[in-house]
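To start, the structure itself, in structure tokens.
Just so it is clear, none of the values below were taken in a lab; they were calculated from the coordinates. All figures in this text were calculated on a predicted structure; none of them were measured in a lab. Neighbour counts run over all protein chains shown; Cβ positions are idealised from the backbone, glycine included.
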Amino acid sequence: QLVGYQRHHWEARPPVPSRPFQNICKRLMKLNEAVSGILPEVQTQELFRAINCAFKDLLRDQLNRLGIVNNGGPQHGLVTQELTFYLEDLKRLKALPEEELCIEAMADIWQPKLR
């Protein structure tokens, strides 16, 4: 719900990081603090993997709604900067393996390019 609410209020425009992305990362940090001492690492990773998948699905929908594509343009650049902020924050939490937190792992948020 939090990710969906914040995503709904997000537009690809400066400043970066945007308030919605900052809020998402802040909530993820609080969630990590709440569960890290309680859940085993495997369950914590499963939780954050599910959250990350939901985040990507919602962001993909928002990008489609806004008509933002992976074309190297200014809006694409802003999205990439937002994603970098999000991924770096998740890396600091150590909630997911590094290979799941690279920009290449986010490629599926973009619509396939037409040939």
**Asked** What number of residues in region 27-51 are under 11 Å from L90 (Cα atoms) and acidic (D, E)?
**Response** 0
**Complete:** Among residues of region 18-39 being in a helix (DSSP H, G or I) and among the hydrophobic types (A, V, I, L, M, F, W, C), the residue surrounded by the most Cβ atoms within 10 Å (Cβ to Cβ) is I24
**Request:** Specify which of the listed residues (A50, A54) is without any contact (Cβ under 8 Å) to a residue 12 or more places away in the chain and part of a helix (DSSP H, G or I).
**Result:** A50
**Prompt:** Limited to region 88-115, what total is found for residues that are part of a loop (DSSP other than H, G, I, E, B), touching a residue at least 40 places away in the same chain (Cβ under 8 Å) and either under 12 Å from the mean Cα position of the chain (by Cα) or surrounded by 15 or more Cβ atoms within 10 Å (Cβ to Cβ) (or both)?
**Reply:** 3
**Asked** When residues of region 63-115 are filtered for being farther than 23 Å from A50 by Cα and touching a Pro at 6+ places or on another chain (Cβ under 8 Å), how many remain?
**Response** 1
**Message:** If I ask for residues that are surrounded by fewer than 14 Cβ atoms within 10 Å (Cβ to Cβ), over 24 Å from Q75 (Cβ atoms) and not acidic (D, E), which ones from region 40-61 would you list?
**Reply:** P40, V42, Q43, A50
**Item:** Some residue of region 67-87 being in a loop (DSSP other than H, G, I, E, B) and closer than 19 Å to H9 by Cβ
**Value:** yes
